[in-house]
Amino acid sequence: MTYAPPLLPPSGWYPDPYDQRMLRWWSGAEWTAYTYPVVPVPVPVPAPKRREPRKWLGRFGGWIIGAASLGIWLWVFGFSLLFAAIAPHLHDAGPRVVSPFLLLTGAATVAVAIIYTMAYKLRPDDKLSVPRLLLIAGLGGLASTLVAAPANTLIDIASGGTSTHPSELSLILAGVVEETAKLGAVLLLAWKLPVKDARIGLFVGGAVGLGFSVIENVGYLLDAFARGQDADGNGLGLFIGVTIGRQLTGPFLHPVFSALLAAAVFSAARQGRFRLSVGAVLAYLGVVAAHGGFDGFIGLMQSLPVSPVARGSLLLLFEFVFVAASGVTWLLIARRIRRTGRAAPVEGEPAAHPV
């Protein structure tokens, strides 16, 4: 019988028979002195389910702000009625004074709610922080008001207007003055923004328009209360009426005008620099015409020799149609911007998906 030697495993790395933490080289005939530490195979650990962060008051924060403002009004009026009941002669010495709570909420509730919603919608690739958006709204509104208000007054004086009856020319030219002032504030405050496109234009222009609207509202409300006291002592009633009108129409005037104009200007920017384009010029002319037309028509209706009921009905119908047209225009352009998305990615980053 022929003897057959045992078959040995081929050469290679095998578990070290002397140390389980090592691999040792088998030459095919014997173990060598070459070893290699065993690399442990990591055990996959399932990643925890990512939860979307809850921003501040949530997606309905704007409505919550509006409800809180209404609660402040009910609180103040409730205590006013209580004080009148227990001390009916409390205010006999002089006219009633508008509470600072009523003035602030009456002038700024809708603007604050919209600013909150805008901040909630910001994305990381916008490169626009919430503090900077708030700063743009505050500084932009203040700066543009400080420029536009004296200019409007000078035009009104030159064209024969008075404090109670502004001239028709000053009302029509208010669109040119105010939109130019707001656009200047937008360009200055957005000069260093890393992203300049139509979407950012809507945010920045809308913020400046909201800031302008709040400051303008404060003036209208104080003027309404003062006129009501001078006329028949119904300053609070006139104040409430003006507050409701300003809050209902405010979101569709200055914020929409500035947002649409800024979106057109920003969409023409290239490599972070603003450029003059035909689209931007046409947008400016359209916004100026709409703004001047609105103010001019309101002023014209105030001077027509018609009954107060007919005048009020025409004004209400005009404001309703104008507000509806303004809102629809903003909605269509905003949807177009969403569909288009970012035309070019930020340098060093991938392109962003549409909203």
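The values are calculated or read from the model by the stated rules, or taken from the named source; none is laboratory data. What you see is a predicted model; the values in this text were computed from it and never measured. Backbone-built Cβ (ideal geometry, glycine too); neighbour counts: all protein chains shown. Accessible surface areas use protein heavy atoms only, side chains included; no ligands, DNA or RNA. Shrake-Rupley method; radii C 1.70, N 1.55, O 1.52, S 1.80 Å.
Being at pLDDT below 90, among the aliphatic types (A, V, I, L, M) and assigned to a helix (DSSP H, G or I) is true of Ile298. Where helices (runs of 4 or more DSSP H) sit wholly within segment 144-253, those with at least 2 residues that are aliphatic (A, V, I, L, M) and at pLDDT below 90 occupy 198-231, 235-249.
Does Ala290 satisfy the condition of being under 21 Å from Gly250 (Cα atoms), modelled with pLDDT of 90 or more and either part of a helix (DSSP H, G or I) or in contact with a strand residue (DSSP E or B) (Cβ under 6 Å, 6 or more places away or on another chain) (or both)? Yes: the conditions hold for Ala290.
Does segment 254-282 hold any residues that are of a type in the set (A, V, I, L, M, F, W, C) and within 16 Å of Ile115 (Cβ to Cβ), and which are they? Hits for segment 254-282 are Val256, Ala259, Ala262. Looking for whichever is over 26 Å from Val176 (Cβ atoms), in contact (Cβ under 8 Å) with a residue 12 or more places away in the chain and loosely packed, with under 14 Cβ neighbours inside 10 Å here; the options are Gly327, Gly241. Which one fits? Selected residue: Gly241, the only one of Gly327, Gly241 that is over 26 Å from Val176 (Cβ atoms), in contact (Cβ under 8 Å) with a residue 12 or more places away in the chain and loosely packed, with under 14 Cβ neighbours inside 10 Å.
You will find that of Ala107, Ala137, the residue that is surrounded by 20 or more Cβ atoms within 10 Å (Cβ to Cβ), at pLDDT 95 or above, part of a helix (DSSP H, G or I) and among the aliphatic types (A, V, I, L, M) is Ala137 and no other. Do you know which residues across segment 273-287 are surrounded by 15 or more Cβ atoms within 10 Å (Cβ to Cβ) and either in a helix (DSSP H, G or I) or modelled with pLDDT under 90 (or both)? Within segment 273-287, Ala280, Ala283, Tyr284, Gly286, Val287 qualify. Those strands (runs of 3 or more DSSP E) of segment 1-78 in which at least 1 residues are modelled with pLDDT of 80 or more and among the hydroxyl-bearing types (Ser, Thr, Tyr), considering only elements entirely within it, cover 12-15, 31-37.
Residues are listed down the side, and each one gets a yes or a no for (1) of a type outside the set (Gly, Ala, Ser); (2) open to solvent by 40 Å² or more (accessible area, probe 1.4 Å):
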residue: Val130; (1), (2): yes, yes
residue: Leu169; (1), (2): yes, yes
residue: Leu183; (1), (2): yes, no
residue: Ala207; (1), (2): no, no
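Counting only residues that are without any contact (Cβ under 8 Å) to a residue 40 or more places away in the chain and in a helix (DSSP H, G or I), which one in segment 122-131 is farthest from Gly62 (Cα to Cα)? Filtering segment 122-131 for residues that are without any contact (Cβ under 8 Å) to a residue 40 or more places away in the chain and in a helix (DSSP H, G or I), the one farthest from Gly62 (Cα to Cα) comes out as Pro124.
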